[in-house]
């Protein structure tokens, strides 16, 4: 099923002999996995199905070589029996999944080749970053100030486009492990099993496992799915990355005392993000925070139990510190009288058990109840582990100290008792409604919504300055108000039980005013999470405005500055160490204004926010709400971070990780290590080095982008917001209406029960355009902006201006590079087939012709500015991916169109709908960052 060797890859770099030799191991892996899959299909479903799959594969490659028209391939599936269609869909979906494995293994292989060849460290690696820092000759004071409070936090979100079930995920994990052994020259596993036989066994398991769920994913499932990445990778990788970065930086600047706190500390939205998700309740918040704590303590119990077995040293043979002796003597055990390390660890084990009994709703394995007192904080646990570590180091056992025990200490530092911080999030409209009800119930104001902004701010600031709550227990409130207060109260409980790091932030979606920020503060105050009266400054949870629309991004800095001008809000920021976090919404800004306008609005907003932070003397942390796709802020993380404006990173980076991108980045320890290393490397470089590259010419460059962004937004709005019938076209020509049935998440596809584009969530908006291969959110409007701006130059060589910006400015280069990735994945020939689902021919032509024209225009402009006729000239890895997998997408698209047509014509066969969902799953798997 994977005979690709006879085809010539795209891209100049791939056409060379060196390129073919470099990728041959990956091609061989794909051939092996494809052949096993083909054998499995034949064995399980018979020759007829296998022949149909093979014929579709061959014809797909003929389409790419322009030997046949794709209508001939599509004709293969006209009227196909759905019972035949489904195994064909599953075959191509499984191939995409296996191709992902081969690509991931190849990336590891290529990195190893570079290292073995003694080549310089690759960009985006920490080794390359350290070399750049060494060349910069930075002084300790500068570095210490820049990295004060340093943080790199990947935040796992409840925004799903991950379509794989856990069983499929686990089986793919096993296949990856086998392919990794094979890559290293092994033919058998450690226990003597033949690797190829094991591959056949696991691929058969995949084939016999349903790819999609029969029921919608529950939020409890999402919580468990998010936690699996800790056991799969994070417990191994995050402590190692933190220890390594701290050691490297302190070696260079030993007197700066850098990274007192671990730099990598993960976060989560799963179970706390209730914006448009009615399934988040107080019970869910308790489950999310409790399950996270359980996962952390379960890991500690496992490691401590292992340490008890390993550290068997006898007091008759080794010396120990006085502190270790005192710790061991807290529990007298005659049977272990001469094993002080084991006795000390059993004391730690027992105290941690007492902690678990106090804070967890259920106990992990390996508990040890000896009746000792609990640890009040993770720092207390760490102090005891430090005693063990210090004694080993001081008495000739450093090699033991720096193994499992060192990793456990780093884990406690990073994960505490809470594991990861759970952000709370809600829409500002809900806050307004709830606060209005509370104010009316308390007799403060009967009609809060009638007040203007100044009056609202004055009233809310006055309430925040007092200690009295607005409502008492048992107050008669609406279901909405009671639910919201209960949820925030559950967050308050998590802070009390697991510590302040358990719920670090309260995020306000669609924040458009100071009152939006203060309304959230009122809710925190009601449950005891905020007290900024004159005599007290207590604010364990940060209030984070999320600026999402183009308009809100443009006004974000002024909103923040106005809030900071209020003494009561300034006290909140002071209580948090003069630190303020602001979240930037990539998804909704793109849906609102299009690709280029959104990217520039974000850049401008960051510049303005940095200036506000400088003027007001606060430390600003930006939280980037990036999705997996370019249309939602995705793209290579390293380039994206370096493309931030000066001062925007400032030692800290929080970034959302969403959908199938989470598994692509963090499902395997080696891949997770590489991706976390990339985030840290980019954060250090963007903080400590001048990476913008514009210098004194920044002003003129910004003016060019102001003009281009305005033009792009007009072009985008003309199509999306102003073209009559556009919403109808979108709904008919994409599977957006069917996405809700895919059972990939617990939330509805729209915030509100409307058909408005503005109310549609960004994920189905982007996912639908990806499925139909238009990829519109990642490019539309940009070609018109460039073409118009160049044409208005009146003799100026404006093309050269843009070429110069492309050469010198990481932001502009990244915008064009990410756009090129999207364009490379788009296919308007396939999109034309989807457009045929629109019954109104006049509407079809009106919208699709505009899309085709803009697509061609954007390709021309990209080539003119970059000088490259190959969209992926700067991304050979993606070029390999496109070459190896995209012909296998073609049948999935044709079958999806065929089944959509039947389903919408009234075919109520359950298998037709299931087939549609399977094609969506397959395409999402193949595209890897589809939502």
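Any read-out appearing in this document is the output of simple, stated calculations on the displayed coordinates, not a laboratory observation. Everything numeric here is computed off the predicted structure, so don't read it as measured data. Note: ideal-geometry Cβ built from the backbone for every residue, glycine included; neighbour counts use all protein chains shown.
At-a-glance table
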quantity	calculated
Fully extended contour minus Cα-Cα distance, from residue 478 to residue 218, at 0.36 nm per residue	91.0 nm
Ranked list, fewest to most other Cβ atoms within 10 Å of each Cβ, for 212, 223	212, 223
Semi-axis lengths (Å, descending) of the ellipsoid that matches the C-alpha gyration tensor of the range 345-439	39, 18, 10
Answer label for percent of Cα pairs over 37 Å apart (calculated), chosen among (1) 60; (2) 67; (3) 50	(3)
Simple label model, 7 Å out from Cα along Cβ direction - residue 836 to residue 169, nm	3.8 nm
Inter-label distance, nm, simple model (7 Å from Cα along the C-beta direction), residue 614/residue 247	3.8 nm
Whether the range 93-249 is rounded, prolate or oblate, judged on the alpha carbon gyration tensor where a/c under 1.5 counts as rounded	oblate
Estimated 222 nm signal from helices in the chain, with DSSP H stretches of n ≥ 4 weighted -39500 (n - 2.57), rounded to 500	-19500 deg cm²/dmol
Rounded to 5, percent antiparallel among DSSP beta bridges of the chain	10 percent
Protection-proxy order for peptides 37-47, 272-282, 641-651, 134-144, each taking the mean of Cβ atoms within 10 Å per residue, highest first	641-651, 272-282, 37-47, 134-144
Ranking of 76, 775 by count of other Cβ atoms within 10 Å, fewest first	76, 775
In nm, spacing of pseudo-spin labels at residue 310 and residue 231 (7 Å Cα→C-beta vector)	2.1 nm
Cβ-derived FRET efficiency at R0 35 Å, residue 554 paired with residue 446, nearest 0.05	0.55
Chain lengthening between residue 853 and residue 181 when straightened (0.36 nm per residue, less Cα-Cα)	237.0 nm
Residue exposure sequence - 583, 510 - by fewest surrounding Cβ within 10 Å	510, 583
Shape category assigned to the range 418-576 from the gyration tensor of Cα positions, a/c cut at 1.5	rounded
Förster radius 25 Å - calculated FRET efficiency between residue 721 and residue 904, Cβ distance, rounded to 0.05	0.45
FRET efficiency estimate (nearest 0.05) - Cβ-Cβ, residue 39 to residue 210, R0 22 angstrom	0.60
